[in-house]
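The structure appears below as structure tokens.
The values are calculated or read from the model by the stated rules, or taken from the named source; none is laboratory data. Bear in mind that the values here come from a model prediction, so they are computed numbers and not experimental data. Cβ sites come from the backbone with ideal geometry, for glycine too, and all protein chains shown count toward neighbours.
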Amino acid sequence: MTNGTDGAERLPGRDRRRFPGISSRAYEHPADRTALVALRKLTGFDTAFKALSSLLRERSMRLLYLSNAVRVSDEQFVHLHEMLRDACYILDLEKVPPMYVSQDPQPNAMCVGLDEPVIVVTTGLVELLDEEEMRAVVGHEVGHALSGHAVYRTILLFLTNFATKVAWIPLGNVAVMAIVTALREWFRKAELTADRAGLLVGQDLQASMRGLMKLAGGNHLHEMNVDAFLRQAEEYESGGDLRDSVLKIMNVLPRTHPFPVVRAAELRKWAATREYQRIMEGHYERREDDEESSVSDSFKQSANHYAESMKASKDPLAGLVRDIAGGAGDLGGKLRDTFAGGRRPGGDSAGGGSNGGAGGKDDSGSADGDDNR
């Protein structure tokens, strides 16, 4: 298999499927779509977006990377150049975006740009990941480009920097931070979409899992275990009481990315679905049909996703919401029990409720199947 360009391509020793004309709708996480719709409904967002789009100088950003980073090509970082062309070939992205390697020990990658996307990876990430893990990351960033995420990511970077400069203006900072918070919420969901794109490009679930695990624990694979890492996701989701649920929300608010254990569990779960299998079999939404796609159907799919997620979640807060929605009796007692970790004052375990305190051992974020470490 080649990538449709001149020159030999260094590919894994296995065949991978290509997805001609694939639309980002095929692999889009429902929460990504819903969060973006909610973001666009935020008061003042459209006005701010149009103003910022006209103010931001994409040419300046490109000159910065050109002068302060190394451009990936058939002469520099050749293995990354081959991965980039290959990822664009697999996802059928006609124009290969420019890619740069930036000197930074912090492992990171991003896709930015208003008119045309630019991919940037740090030296810390290049040094951390092996070839197959890096292939998934490059596919992840190409997925951002195909999904049109780069525009909003650029606005988020600008506003985050701008917010620190106007922090001394009370009302101005509140207005900016409201948009920044909404953008972060959307981008965390967009990362789940891009993780799926990375899996479609690499077509190696274990490599994707290892890459996420390394982001959490560094380059110590001999000390880590994917199964144990995924059990952390189970414990994170189901453990504790309502206080922990609130702390989870507070911990994630400043972040642009979901936590690695959450991303790993989400990706593992999606890889076990019929949706993923159908894509691998060549049955997927195509770009040529994007204009005919139904907004109401998208809303319906997103609503169904949230309903199923809420039903399956072992988080104590989700359990309380289910109880309230179901008209549970003794709501005050349930609140007291949940905040107390599922124990009644006399020391007896709290009965009833769909979640109680700590969750069980079934991990809805971990799909069935063998895990070759």
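For segment 237-256, does any single residue satisfy the condition of being of a type outside the set (Gly, Ala, Ser) and under 20 Å from residue 129 (Cβ atoms)?
Scanning segment 237-256, I find at least one residue that is of a type outside the set (Gly, Ala, Ser) and under 20 Å from residue 129 (Cβ atoms), so the answer is yes.
Give the residue that is surrounded by the fewest Cβ atoms within 10 Å (Cβ to Cβ), with candidates limited to residues of segment 122-148 that are polar (S, T, N, Q) and without any contact (Cβ under 8 Å) to a residue 24 or more places away in the chain.
Per the criteria, the residue is 123.
So which residues in segment 195-215 are closer than 17 Å to residue 146 by Cβ and either of a type in the set (Lys, Arg) or in a helix (DSSP H, G or I) (or both), if there are any at all?
195, 196, 197, 198, 199, 200, 201, 202
Looking at segment 199-213, is at least one residue modelled with pLDDT of 95 or more and in contact with a Ser or Thr (Cβ under 9 Å, 6 or more places away or on another chain)?
Yes, some residue in segment 199-213 is modelled with pLDDT of 95 or more and in contact with a Ser or Thr (Cβ under 9 Å, 6 or more places away or on another chain).
For residues that are part of a loop (DSSP other than H, G, I, E, B) and small (Gly, Ala, Ser), scanning just segment 1-24, find the one that is modelled with the lowest pLDDT.
7
Quick grid of which residues meet (1) modelled with pLDDT of 95 or more; (2) among the small types (Gly, Ala, Ser); (3) in contact with a helix residue (DSSP H, G or I) (Cβ under 7 Å, 6 or more places away or on another chain):
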| residue | (1), (2), (3) |
| --- | --- |
| 257 | no, no, yes |
| 261 | no, no, yes |
| 282 | yes, yes, no |
| 285 | no, no, yes |
| 292 | no, no, no |
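For a quick check of your reading of the model, give me the residue pairs whose first member lies in segment 263-290 and is under 12 Å from residue 25 (Cα atoms), whose second is of a type in the set (A, V, I, L, M, F, W, C), with beta-carbon atoms closer than 6 Å and at least 6 apart or on different chains.
279/26; 284/22; 284/26; 285/26
Return the pair list, or none, for Cβ contacts closer than 8 Å from residues in segment 186-201 that are under 13 Å from residue 153 (Cβ atoms) to residues that are surrounded by 23 or more Cβ atoms within 10 Å (Cβ to Cβ) and of a type in the set (Lys, Arg), at least 6 apart or on different chains.
From segment 186-201, the pairs are 191/263.
How do the helices (runs of 4 or more DSSP H) wholly within segment 25-115 filter down when requiring 1 or more residues that are modelled with pLDDT under 85: which remain?
Here the list reads 30-40, 45-55, 58-68.
Results for (1) outside any helix (DSSP H, G or I); (2) among the hydroxyl-bearing types (Ser, Thr, Tyr), shown as yes or no for each residue.
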{"residue": "248", "(1), (2)": "no, no"}
{"residue": "257", "(1), (2)": "yes, no"}
{"residue": "267", "(1), (2)": "no, no"}
{"residue": "284", "(1), (2)": "yes, yes"}
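Give me the residue from segment 81-113 that is among the small types (Gly, Ala, Ser) and under 24 Å from residue 157 (Cα atoms) and, out of that set, nearest to the chain's Cα centre (by Cα).
109
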